[in-house]
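**Q** The structure follows.
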Amino acid sequence: MDKLQLEGPILIADDDASLVSFLQEYFGALNCRVLAASDGQRAVELVKTEAPSFIILDIMMPFMDGTTACWEIRKISSAPIVMLTAKIEEEDKIRGFERGADDYLCKPFSPRELVARMQAILRRMRTSERKASGLILNNNANLSYDSESHRFYWKKAPLQFTYQEAQIVITLLKMQGKVCTREHLLNVLYPLGDKDVVDRIVDVHIGNIRQKIRDTDPEFDLIETVRSIGYRLKEG
């Protein structure tokens with residue numbers, strides 16, 4: 001089995017005790033430390049106290065469902081999140097991406113497929129970090145990115161983006177005010193392709209980025225929509 005290179009533990013949140021036990025054993029064989037939660041509230045608590053490096057959330061859980069837990073986790077962590085679900089409709093997937101999910105996996109699934117999806121996310125993250133090594137990007141609107149610390153700033157105030165949101169912001173910064181098409185951004189997020197990707201994912205991430213900027217500076221809309229083409233950053 002391929003190894004997962006993670007600094008911290010994996011958090012598995014699912015109320016199916018047999019599935020959690022099976023995944024704990026499987027990830028244990030990969031030398032990964034595993035945290036377990038049977039509901040969304042406990043998952044959020046563990047994220048606060050244990051800072052997992054990867055999070056696996058079932059959608060249907062007691063006390064707090066996975067989508068709500070994902071939303072709460074995104075307030076405190078940018079760790080990759082894979083959502084588990086017994087069925088998936090496009091609107092459910094969009095809702096999850098709006099809350100900060102990185103990928104979906106439908107039940108039943110094989111642990112090898114789960115690990116493959118996790119590896120794909122981690123591989124994209126590390127490739128992006130290597131390409132951006134030593135890079136400092138900024139625009140005249142006071143948005144900046146420092147690749148050494150992997151941190152974003154708006155007028156010197158730190159911003160926290162999910163991995164996919166970060167890739168979009170970095171891409172738009174590199175474009176230096178030029179228009180970036182949705183197709184290009186989709187290829188940035190999924191360079192190897194993904195049959196389950198929906199076109200609206202880019203728009204969802206753009207909306208989340210805009211909201212995070214507005215939370216810091218309510219009077220400024222950083223991203224300009226170029227109708228029927230894509231997006232670009234405003235310079236001032």
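The values are calculated or read from the model by the stated rules, or taken from the named source; none is laboratory data. Keep in mind it's a predicted model, so treat the numbers as computed, not measured. A quick note on method: Cβ atoms are made from the backbone with ideal geometry, for glycine too, and the neighbour counts reach across all protein chains shown. Just the protein is used for accessible areas: all its heavy atoms, side chains included, with ligands, DNA and RNA removed. Shrake-Rupley method; radii C 1.70, N 1.55, O 1.52, S 1.80 Å.
**Q** First measure r as the distance between the Cβ atoms of Thr49 and Asn187, then evaluate 1/(1 + (r/R0)^6) with R0 = 41 Å and state the FRET efficiency to the nearest 0.05. Before the final figure, lay out each step's value.
**A** On the way: r = 37 Å, r/R0 = 0.91.
E(calc), rounded to 0.05, equals 0.65.
**Q** Which percent of the accessible area of the chain is formed by carbon and sulfur heavy atoms (probe 1.4 angstrom)? Working shown, then result.
**A** Details: 5670 of 12040 Å².
Carbon and sulfur: 47 percent of the exposed surface of the chain.
**Q** May I ask you to give the solvent-accessible area per residue for the chain, in square angstrom, as obtained with a 1.4 angstrom probe? Intermediate results must be reported in sequence, preceding the final value.
**A** Numbers: 12040 Å² over 236 residues.
Roughly 51 Å² per residue, with all protein chains present.
**Q** Using only Cα atoms and rounding to the nearest 10 degrees, what angle (0 to 90) does helix 40-50 make with the longest principal axis of the chain?
**A** It works out to around 70 degrees.
**Q** Right, another one. Viscosity 1.306 mPa s, temperature 10 °C: Stokes-Einstein D of the stretch 1-61 from its Kirkwood Cα radius, in µm² per second?
**A** On the way: Rh = 11.6 Å.
For the chosen part, D equals 137 µm²/s.
**Q** Mind checking the dipole of the chain: about its Cα centre, +1 per Lys or Arg Cβ, -1 per Asp or Glu Cβ, Debye to the nearest 20? Walk me through the intermediate numbers first.
**A** Working: 32 positive and 35 negative charges, 183 e Å.
Approximately 880 debye in magnitude.
**Q** I'd like to know which of Ser78, Leu114, Gln176 lies farthest towards the positive end of the charge dipole of the chain, counting +1 on Cβ of Lys and Arg and -1 on Cβ of Asp and Glu.
**A** The listed residue farthest towards the positive side: Gln176.
**Q** When the dipole is taken about the Cα centre of the stretch 38-82, and only Lys, Arg (+1) and Asp, Glu (-1) are charged at their Cβ, what size is it in debye, to the nearest 20? Present the calculation step by step, with values, prior to reporting the outcome.
**A** Details: 4 positive and 6 negative charges, 35 e Å.
For this selection, approximately 160 debye.
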